[in-house]
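A short worksheet on the structure shown next.
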Amino acid sequence: LSLAVIVFVALLVRMFAFPAYPTVAMGALRPIAELATVGYSTVVEVPNERIPDDIRKMFGAKEQILMLVYGKVKAGFDLNKMADGDIETDQGKVRLTLPQPEILSLTIDNERTHVVYYEKSWLVGRDVKLESETREMADGLIRKQALDDGILEQAKAFGIQYYENHLRSLGFTDVQVV
């Protein structure tokens, strides 16, 4: 009988005890061969509002927000997209064909991003999704602003300059990067 009690207590302890070591979940790993050649920082004003789809809108009921969103964009080259024929060498000559530049990352600085204006009428409740929707809108605005300001053209120019200098440092005398 005492052995049965010991086993029962041991099972209870095991069921309700926390593991001695933290559980670690491993995500998928993949190789990244990216060269970021330009960084871009910006701040955008993002207005957003919610107007109810019922009789309250006739009385001007709405919720409004204005956020200042700080973001950083990196652009450059995904070198995984290079094909076998993109590098040609012949004695002191080299020709390198780079893939098209692209936006490699876009991050929002949550420490600096903040609401500068918020108002709601008493006829509507607070929409907890409004701020997160506004941040999502900011992502597209930051991307568009970076593209409009020529981030991809700058990334290409800096990438060409980087690889020309690098290939010359390796001893190539006739360098062509396109």
Query raised in the report: Restricting attention to segment 95-108, and to residues there that are free of Cβ contacts under 8 Å to residues at least 60 places away in the same chain and more than 18 Å from the chain's Cα centre (by Cα), which single residue is surrounded by the fewest Cβ atoms within 10 Å (Cβ to Cβ)?
Result: Gln100
Requested in this report: Just need a number here: residues in segment 158-173 that are free of Cβ contacts under 8 Å to residues at least 24 places away in the same chain and part of a helix (DSSP H, G or I).
Outcome: 6
**Report entry** Filter pass, Glu111 being assigned to a strand (DSSP E or B) and open to solvent by 40 Å² or more (accessible area, probe 1.4 Å)
**Finding:** no
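The values are calculated or read from the model by the stated rules, or taken from the named source; none is laboratory data. What you see is a predicted model; the values in this text were computed from it and never measured. Note that each Cβ is placed from the backbone with ideal geometry, even for glycine, and that neighbours are counted across all protein chains shown. Areas reflect the complete protein model, heavy atoms only, side chains present, ligands, DNA and RNA absent. Shrake-Rupley method; radii C 1.70, N 1.55, O 1.52, S 1.80 Å.
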